[in-house]
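Structure first, then comments.
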Amino acid sequence: MFTAKDVKELREMTGCGMMDCKKALTETNGDKEKAVEFLREKGLATAAKKSSRIAAEGIVKDYVANNVGVILEVNAETDFVAKNDQFLDFVDVVAKAVAESNPQDVEALKAVSVDGTTIGDMLTEKIATIGENMNIRRFVRYEGDVATYIHAGGKIGVLVKFDTDVASNEGFKDFAKDIAMQIAAANPTYVRSNEVPSEVVEKEKEILMAQAINEGKPANIAEKMVAGRIQKYYKEVCLVEQPFIKDGDLSVAKYAEAKAKEFGGKIEIVSFARFEKGEGLEKKEDNFADEVASMVK
């Protein structure tokens, strides 16, 4: 009746999921044109048309189970849909799939099978039924002692990995949340200064030197000023060198040292990921007057 190539071509024509395409071809005895009509009648072929729309809203979601932590961003076009139960249930399924299947990237994630269908096909089906473009944008997965923090209902999400032997201590959970909140609030780029790439440091020094020279400082004085200002730069971009948000007299490193001593063990912040919903994405700007004009035309 039809081949895998036919299914592939129908998917490319309509943007619909594999299982939906197979069903459509089965119902129409392999006739692709009738299959397209079948999918359109079911409201599924509309998904492809929506794929060009900008999806910059959505949610950042966390998931932690069995010493695995995940942070995930899934986007939609509007904040309204981002609060839709169907959308939120789908995000939960995707986050769990990341944790359990450990895909290498988003494309591999879309190929993960859950309850007889793939994440990619589920996404296509949600686009069709909810009526907005949606996109699984990115995720990070850590194994080990992890902590997460979600701010403002999914606007910002943080995942932190620790190397510690005091994770079972009652106070460690609160400490770990403090570190995650620090990352959410202060937005560091690196854990510590030795992780900053040398080319980034050199570029920053060039900028700082130019600033000092433009202030009228002689070269030898400017060099000393740069040495001091680069330390200030580290305090801005490196987590452990930042002032702790709950006690500005302590750096994050000193806070961690104090807690490790209190708990009777070691604590090292290994890595972190911080996602802010829609960051770097062009947001759709609605112009009601233009929309009405286009409808009249």
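What the table below lists for this structure:
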read-out: Residue in region 230-249 that is among the acidic types (Asp, Glu) and closer than 24 Å to LYS61 by Cα present; value: no
read-out: Failed condition for VAL166, given (1) under 20 Å from the mean Cα position of the chain (by Cα); (2) more than 30 Å from ARG11 (Cβ to Cβ); (3) aliphatic (A, V, I, L, M); value: (1)
read-out: Some residue of region 78-86 being at pLDDT 95 or above and aromatic (Phe, Trp, Tyr); value: no
read-out: Selection within region 103-144 - over 20 Å from the mean Cα position of the chain (by Cα) and open to solvent by 20 Å² or more (accessible area, probe 1.4 Å); value: SER113, VAL114, ASP115, GLY116, THR117, THR118, GLU125, THR129, ILE130, GLY131
read-out: Residue count, region 186-207 (criterion: farther than 11 Å from ILE230 by Cβ, small (Gly, Ala, Ser) and touching a strand residue (DSSP E or B) at 6+ places or on another chain (Cβ under 9 Å)); value: 1
read-out: Count of residues meeting criterion [open to solvent by less than 70 Å² (accessible area, probe 1.4 Å), modelled with pLDDT under 85 and not aromatic (Phe, Trp, Tyr)] in region 19-61; value: 12
read-out: Leading residue by the ranking (modelled with the lowest pLDDT) among those in region 150-196 that are aliphatic (A, V, I, L, M) and more than 21 Å from GLU236 (Cβ to Cβ); value: ALA152
read-out: Complete set of residues in region 194-213 that are small (Gly, Ala, Ser) and either in contact with a Lys or Arg (Cβ under 6 Å, 6 or more places away or on another chain) or open to solvent by 40 Å² or more (accessible area, probe 1.4 Å) (or both); value: SER198, ALA210
read-out: Evaluation of GLY157 against (1) loosely packed, with under 15 Cβ neighbours inside 10 Å; (2) outside any loop (DSSP other than H, G, I, E, B) (one fails), failing number; value: (1)
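The values are calculated or read from the model by the stated rules, or taken from the named source; none is laboratory data. Note that the coordinates shown come from a computational prediction; the quantities given were computed from them, not determined experimentally. Because the Cβ atoms are built from the backbone with ideal geometry, glycine has one as well, and the counts that use them run over all protein chains shown. For the accessible areas, the whole protein counts, side chains as well, though only heavy atoms, and no ligand, DNA or RNA atoms are used. Shrake-Rupley method; radii C 1.70, N 1.55, O 1.52, S 1.80 Å.
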